Amino acid sequence: MRKPEIMSPAGYWPQLHAAVDAGADAVYFGLHHFSARAKVGFSLEELPEVMRTLHRRGVRGYLTFNTLIFEDELEEAARTIAAIAEAGADALIIQDLGVLKLARRIAPQIELHASTQMSITDAEGVRFAQHAGADRVTLARELSLPEIDSIYRQTGCDLEIFVHGALCVAYSGQCFSSEAWGGRSANRGQCAQACRLPYDLIVDDEHKPLADARYLLSPGDLYTLKEVPQIVKTGVSCLKIEGRYKDADYVALTTSAYRKAVDEAWAGLPLSVTAAEEQDLEQVYSRGLGPYFLTGTNHQKVVNGRAPRHRGVLIGRVVQVGQDAVTIAAEREVKEGDGLVFDAADWRSPGEPEEGGRVYEAARFGKKVELRFANRAVRFDRIRPGDLVWRTDQPELARRIRRLPVHKQPVTVHVIARGDFPLRTIWRAKNADVSVESSAPLSAAQNREMSAETLSEQFSRLGNTPYELDELSADIEGKLFCPVSVLNQIRREAVEELQAKQGEIKPVKVAVPEITRQPSESQTGKPELHLLVRTPEQLDAALECAPSSITLDYLDLYGLRPSVQRVKDSGITARVASPRVLKQDEARILNFLLSLDCQILVRSTGILNALRDKPHPELTGDFSLNAANSLAVDEYLNDGLLRLTPTHDLNAAQIAELASDKLEVIAYQHLPVFHTEHCVFCRFLSSGTSYRDCGRPCEKHRVELRDHTGRSHPVMADVGCRNTVFGAESQEASMHLDLWLRSGIRHFRLEFVHESAEQVRTITGLFQKALLKQTTFAQLGRDLKAISPAGTTQGSLLVTLQY
């Protein structure tokens, strides 16, 4: 074990400087492209100066190359990776499996980190990433401390976890809401934050009122400062702070807080965080802070649901509203200049603008404060007694942040002093050491002889340099004299040389391979139809349709065995779908799937790795493996897959680019827009905290989430009690089937969610007729639209002029 790094976010230069000054060991940032935060980042031309700036402060720089890369971008991606390595980046953070392998070929020396968007949740997933070339793995945010500890003990891999900042409701890398509803892929850095919108809960076709919890997919923000001592004991290599869209004050304050906590924990000291420091962290940015999954599952706490945005600190409630003032019962101090917002979630419709503004006058009367606002900023007729009052901005905190001490690098100095020889000093800082000598030899002391104390006094005067003297050792022979001016000159030269040496960009060898793909052989075989069903009733209908295969994706494991046997007895190939997420204590699920002796639809790299070295049935990789280019497709097929379904981030034309008989594309489905550890059933249909005490409402009720447009999106739980929210519309590929067939695709899958048995029969029959050329694809599209209650869409398959 080694002391874990504090890694801080940097959207641009102000945040980068704030992170360094506050004591970050590493900073992560992106370019303007190939980055999961597309709105911020540096240019490639700026990158060498970024790395020099960081290295001169002893800080490592990790570049986020964490988007899926499309086929027509591979050559540019390869050139960019080479340029990043040549600019001196310490590591690349990568999501795309094909790009991970490509980067290892291009720049063998650079560290490669598997992004949290690889959805890694167990030791097998870590081993898969290591086998692919990753030196470090960023784990999913939905893991507990015991799970993280177990993963480290099983793998010994460098592990990185998020410790502070925004939580996505969906597993990172497994959210397709932006892609489905706006053509903006979250896996391409264009998240539209559909999770932060309000939804109504529809239970068994009835609207269930939720009082103030209308933002039911909007989780609070991660805060684990008090858990740092336990985190350090797990062997985690890096504590990561989220926030590349956040400002410099946020970066400075969070970095400083976790810097202190890690230093204390590593030294075996008790955590010294105060209530005031916690409040500052809440003030600088918060949707409600908590450790959430890190300390175990409690579905009642992850989502509060009152609001989807920064709240800051709760300071009180409204008790009286006048014509030009509001009186509140204040729990915390409020001053002139503070920014406030009035939270009327109890009675106002979601999406309505909130009232708020900057305080012009605050008059305290006991525990009550009368507030006035400048320039008619607040409409008092839209505020009611009982409304919560939040302090969203505090100028005083900004001033305190600017006074935070600047973190410096420790430097050690060793001095060798001999009479008639120059004074020799060896200065050591992070990743650099220099030797500086006096210009003249030392002479015998007449009055003031040189000592370790006088040397330490002079060499510690490092002022506004990035260094502070940590330790000085001296080997002095005899009584010698050295002028203070000489010592000062040595100190100045040492600082200059250390800075120059630390800022050097060392040459690296890169080799950009030619990226070519062998054209797939033309396929002229008969198209094959595969069905995925989720209920026994759907299975009854699927068996009547006699497809090439039937995949069972059941919530209840115990219903699988007889259903698999029914499929086998019918002469149809049987498959079972694995979970998209498998955690440390869920290996029994995979063992059960293997015991069914049928094909498996593999949805996670951990499961794929677990099957690598043991006998297993034929495997098909699903969309959740996020294969977006031929390099990734080839890697997965080489890992033992019979066929592979490409990621939903590809449109129909891009899927055709990857076409082969090894591709199985989805021609009909309700797109799985969110896949989340947070259970809507448990949170809103029970008082339980997890599957242990929730009463399993997912087995008794049909749930949908209705959005502001009136569309109702089905929600289903899986065998691990994770929820998937599916798009309301039927996404269908009738407009693209001719292109896919001409490109060589022969395997097509239809997936059903809440469809009735009759709908399964009808939809399957329509596709069978169209693929047999007994009707046109245009007619197929019209027929599907006619029978789909929520309508049909091209969704993620839509081909635009630019993608």
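The values are calculated or read from the model by the stated rules, or taken from the named source; none is laboratory data. Everything numeric in this text was worked out from a predicted model, so none of it was measured. Quick reminder, even Gly has a Cβ in these numbers, built from the backbone with ideal geometry, and neighbours come from all protein chains shown. What goes into the accessible areas is simple: the full protein's heavy atoms, side chains included, and nothing from ligands, DNA or RNA. Shrake-Rupley method; radii C 1.70, N 1.55, O 1.52, S 1.80 Å.
The calculated Kirkwood hydrodynamic radius for the stretch 200-293 is 15.6 Å, given to one decimal from all distinct C-alpha pairs.
Across the stretch 135-275 the C-alpha pair distances fall into 5 Å bins from zero in the proportions 2, 8, 14, 16, 17, 15, 12, 8, 5, 2, 0, 0 percent.
Over all distinct Cα-Cα pairs of the stretch 272-428, the Kirkwood formula returns a hydrodynamic radius of 18.9 Å. Across q = 0.21 Å⁻¹, the stretch 175-230 modelled as identical point scatterers on its alpha-carbon atoms has Debye log10 I(q)/I(0) values of -0.86, in the order of the q list. Quotient of the Cα radius of gyration of the stretch 1-154 and 2.2 N^0.38 Å, N being its number of residues: 1.02.
Amide H to amide H, with H built 1.01 Å from N, E664 comes under 5 Å of L644, T645, counting only residues 5 or more places away or on other chains. Between Q565 and D324, full extension at 0.36 nm per residue minus the direct alpha carbon distance yields a gain of 79.4 nm.
A crude spin-label estimate for the pair A546 and Y12, with each label 7 Å from Cα along the Cβ direction, gives 6.5 nm. When the alpha carbon coordinates of the stretch 709-803 are projected onto the principal axes, the ranges are 40, 37, 29 Å, largest first.
Here each label is just a point 7 Å from Cα along the line to Cβ, and for R418 and E75 those points are 6.2 nm apart. The accessible surface of the stretch 480-594, taken with every protein chain in place and a 1.4 Å probe, is 51 percent carbon and sulfur.
Rounded if a/c is under 1.5, else prolate if a/b is larger than b/c, else oblate: which is the stretch 75-186, with a ≥ b ≥ c the root eigenvalues of its Cα gyration tensor? Taking the square roots of the gyration eigenvalues as a ≥ b ≥ c, the stretch 75-186 is oblate.
Between S687 and R588, what FRET efficiency follows from the Cβ-Cβ distance if R0 is 41 Å, with the result rounded to 0.05? E between S687 and R588, to the nearest 0.05, is 0.90. Relative contact order of the stretch 483-557: 24 percent, from C-alpha pairs under 8 Å at least 6 residues apart in sequence.
Over every Cα atom in the stretch 541-692, the radius of gyration and the widest Cα-Cα span, Dmax, amount to 16.5, 50 Å. Computed over the chain, the Cα gyration tensor eigenvalues convert (square root of 5λ each) into semi-axes of 53, 36, 22 Å, ordered from largest to smallest. Peptides 289-297, 366-374 ranked from most to least packed, by the mean per-residue count of other Cβ atoms within 10 Å: 289-297, 366-374. For the chain, the mean residue ellipticity at 222 nm estimated from helices alone is -8500 deg cm²/dmol, where every DSSP H run of n ≥ 4 contributes -39500 (n - 2.57) and the total is divided by all residues, rounded to the nearest 500.
Roughly to the nearest percent, how much of the accessible area of the stretch 684-803 is carbon and sulfur, given a 1.4 Å probe? On the stretch 684-803, the fraction of accessible area on carbon and sulfur atoms equals 52 percent.
Which FRET efficiency, nearest 0.05, do R612 and Y558 yield, Cβ-Cβ r, R0 30 Å?
Values: r = 28 Å, r/R0 = 0.93.
With a Förster radius of 30 Å, E is 0.60.
Listed by chain and number, the lysines whose C-alpha is less than 18 Å from the C-alpha of K367, apart from same-chain residues fewer than 8 away, are K335.
Tell me, what is the percent relative contact order of the chain, built from C-alpha pairs under 8 Å that lie six or more residues apart?
Normalised by residue count, the contact order of the chain is 14 percent.
Each residue, R376 and E497, gets one label point 7 Å from its Cα in the Cβ direction; the gap between the two is 7.0 nm. An ellipsoid equivalent to the stretch 629-750, defined through the eigenvalues of its Cα gyration tensor, has semi-axes of 34, 18, 10 Å when rounded to whole angstrom and sorted largest first. Under a no-solvent Debye model with one identical scatterer per Cα of the stretch 542-625, what's log10 I(q)/I(0) at q = 0.12, 0.24, 0.25, 0.27 Å⁻¹? Rounded to two decimals, the profile gives -0.33, -1.25, -1.33, -1.49. For the stretch 250-294, what log10 I(q)/I(0) values come out of the Debye formula at q = 0.16, 0.27, 0.29 1/Å, with one point per alpha carbon and no solvent? Values returned for q = 0.16, 0.27, 0.29 Å⁻¹ are -0.48, -1.09, -1.13. How would you classify the stretch 154-206 from its alpha-carbon gyration tensor, with a ≥ b ≥ c the square roots of the eigenvalues: rounded for a/c under 1.5, else prolate if a/b is greater than b/c, otherwise oblate? It comes out prolate by the Cα gyration axes.
Fully extending the segment from R782 to R448 would add 110.4 nm, taking 0.36 nm per residue of separation and subtracting the current Cα-Cα distance. Counting only residues at least eight positions apart within a chain, or on another chain, the lysines with an alpha carbon under 16 Å from that of K246 are K39. Among the listed pairs K526/K614; K233/K509; K568/K662; K301/K583; K226/K700; K526/K785, which are separated by more than 31 Å between their Cα atoms? Listed pairs above 31 Å: K526/K614; K233/K509; K226/K700.
Using only alpha carbon pairs under 8 Å that are at least six residues apart, calculate the relative contact order of the stretch 90-172 and give it in whole percent. Display every interim value, and only then the final one.
Values: 120 pairs, mean separation 23.2, N = 83.
This gives 28 percent for the stretch 90-172.
Percent of Cα-Cα pairs per 5 Å bin, from 0 to the last occupied bin, for the stretch 88-151, please list those. It works out to 4, 20, 30, 22, 13, 8, 3, 0, in whole percents.
In this structure, A440 and D470 have a Cβ-Cβ separation that, at R0 = 25 Å, corresponds to a calculated FRET efficiency of about 0.30. Label reach from E331 (point 7 Å along Cα→C-beta): in the stretch 349-377, amide nitrogens under 17 Å belong to 367-369.
The Kirkwood radius of the stretch 402-503, taken over pairs of alpha-carbon atoms, gives through the Stokes-Einstein law at 37 °C and 0.692 mPa s a diffusion coefficient of 234 µm² s⁻¹.
By DSSP, the beta bridges lying fully in the chain are antiparallel in about 50 percent of cases.
Under the classification rounded if a/c is under 1.5, otherwise prolate if a/b is larger than b/c and oblate if not, where does the stretch 342-394 fall, given a ≥ b ≥ c as square roots of the Cα gyration tensor eigenvalues? The shape class here is prolate.
For the pair the stretch 658-674 / the stretch 725-751, the C-alpha centres are spaced 6 Å from each other. Can you give me the C-alpha center-to-center distance between the stretch 345-407 and the stretch 182-239, rounded to a whole angstrom? Answer, in whole Å: 25.
Taking packing as the residue-averaged number of other Cβ atoms within 10 angstrom, the listed peptides 404-412, 349-357 run from highest to lowest as 404-412, 349-357. Considering all different alpha carbon pairs of the stretch 297-359, the Kirkwood hydrodynamic radius works out to 13.7 Å. In the context of the full set of protein chains, residues of the chain present 40 Å² of accessible surface per residue (probe radius 1.4 Å, heavy atoms only). Peptide packing for 430-442, 565-577, 13-25 was compared via the average number of neighbouring C-beta atoms within 10 Å per residue; ordered from the highest value, the list is 13-25, 565-577, 430-442.
Taking the accessible area of the stretch 32-71, probe 1.4 Å, and keeping the other protein chains in place, the carbon and sulfur fraction comes to 51%.
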